[in-house]
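Some notes on the structure that comes next.
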Amino acid sequence: MADQRAELTWTEDQIPVSDRFDDPYYSLQNGLEETRHVFLAGNDLPARFAPGFRIAELGFGTGLNMLTVWSEWEKSGQTTPLTFTSFEAFPMTPEDMSRAMASFPELTPWSDRFLAQWQSGGCDLGTLRLEVIEGDARQTLPDWAGRVDAWFLDGFSPAKNPELWGADLMQQVADHTAAEGTAATYTAAGFVRRGLEEAGFTVARTPGYGRKRHMTRARKP
């Protein structure tokens, strides 16, 4: 893939906003609590943690979701590696990730370890095996051989980034999900829910975080 980096503007509160999609990378209210509500609770984590657990994500962004779930993995006493794969078309620079993570000091023990080892494509952090696949997920996900237990669907708003929410891509998400696997996303857009249902997930609309009234949870039979 050509080297296409994220282009950002920072709010007064030091929240990164994508210039390309005109959308913040996480909730203006509290990005960490949003991640815990949407992606952890939305996938019944950490209750489902078990040796060999695998997570995949659409949209790596600042790395906030990965750092949040990794911290919970270690806090839960897991000693085997968590496998985390993320698909990202426009990766952030390490400097921008560090700047964003400064807003979440309770994650500093994990963000410092991550940034010290980070290399384009991923890194082995002992209790975390991270793979970041750069490029358009519509092209890279079909070629990926992995299957996971949980998905974090965290692209920019479907209204501004519809490419990451189409029915064909939701089918790929389903095809790369293990039996009894789950997916969660902050959006409750009708076409996203329909795409997940058509792909074979059982879909529920549940209370969202902050100003978002609803979010989406999905489970594969």
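The values are calculated or read from the model by the stated rules, or taken from the named source; none is laboratory data. Model, not experiment: these values are computed from the prediction. All Cβ positions, glycine included, derive from the backbone under ideal geometry; neighbour counts span all protein chains shown. Ligands, DNA and RNA are stripped out before the accessible areas are found, and what is left, the full protein with its side chains, is counted by its heavy atoms. Shrake-Rupley method; radii C 1.70, N 1.55, O 1.52, S 1.80 Å.
When we measure straight from the Cα of Lys160, which lysines land under 18 angstrom away, once same-chain ones fewer than 8 places off are left out? Straight-line reach from Lys160, under 18 Å: Lys212.
Per-residue 3J(HN,Hα) values for segment 9-22, derived from phi via the Karplus relation 6.51 cos²θ - 1.76 cosθ + 1.60 with θ = phi - 60°, read 10, 10, 6, 4, 8, 6, 9, x, 10, 6, 5, 5, 10, 6 Hz in sequence order (x marks Gly and Pro). GNM remark for the chain: springs join alpha carbons under 10 Å apart, and the peak mean-square fluctuation among Phe87, Phe152, Phe21 falls on Phe21.
Neighbours of Gln14 by Cβ distance under 14 Å: Lys/Arg scored +1, Asp/Glu scored -1, total -3. So if a site counts as exposed when it's one of the trypsin sites (Lys or Arg not before Pro), its DSSP state isn't H, G, I, E or B, and it has at most 15 other Cβ atoms within 10 Å, what's the longest stretch of the chain without one? By the stated rule (loop sites, at most 15 other Cβ atoms within 10 Å), 49-146.
Shape verdict for segment 62-152, please, from the Cα gyration tensor: rounded (a/c under 1.5), prolate (a/b greater than b/c) or oblate. Judged from the Cα gyration tensor, segment 62-152 comes out oblate (a/c at least 1.5, b/c at or above a/b).
Largest accessible area first, the residues Asp112, Asp23 order themselves as Asp112, Asp23 under a 1.4 Å probe with ligands, DNA and RNA left out.
Charge dipole of the chain (Cα centre as origin; +1 on each Lys and Arg Cβ, -1 on each Asp and Glu Cβ, all else neutral): 840 debye, rounded to the nearest 20. Stretching Gln29 away from Leu115 to a fully extended chain increases their span by 28.5 nm, per 0.36 nm per residue minus the current alpha-carbon distance.
Rolling a 1.4 Å probe over the protein heavy atoms gives segment 1-102 an accessible area of 40 Å² per residue. Which of rounded, prolate or oblate describes segment 151-221 when judged by the alpha-carbon gyration tensor and an a/c cut-off of 1.5? Oblate, because a/c is 1.5 or more while a/b does not exceed b/c. Answer rounded, prolate or oblate for segment 1-83, using the Cα gyration tensor with square roots of eigenvalues a ≥ b ≥ c: rounded when a/c is under 1.5, else prolate when a/b is larger than b/c, else oblate. Taking the square roots of the gyration eigenvalues as a ≥ b ≥ c, segment 1-83 is prolate. Computed about the Cα centre, the dipole magnitude for segment 121-191 is approximately 160 debye when only Lys and Arg (+1) and Asp and Glu (-1) carry charge, each at its Cβ. Taking the chain as a Gaussian network of alpha-carbon nodes connected by springs under 10 Å, the highest mean-square fluctuation of the residues Ala56, Ala137, Ala183 belongs to Ala137.
Average accessible surface for segment 176-221: 50 Å² per residue, computed with a 1.4 Å probe over protein heavy atoms with every protein chain in place. With K and R counted +1 and D and E -1, the other residues having a Cβ less than 13 Å from that of Leu32 yield a net charge of -3. Counting protein heavy atoms only, the chain has 47 percent of its accessible area on carbon and sulfur, 1.4 angstrom probe. Distance from the C-alpha centroid of segment 111-134 to that of segment 199-221: 29 Å, rounded to the whole angstrom. In this simple spin-label model, placing a label point 7 Å from the Cα along the Cα-to-Cβ direction at both Ala189 and Asp124 gives a separation of 3.8 nm. Paramagnetic label reach from Gln14 (point 7 Å along Cα→Cβ; backbone nitrogen cut-off under 15 Å): within segment 82-119, residues 95-109, 111-112.
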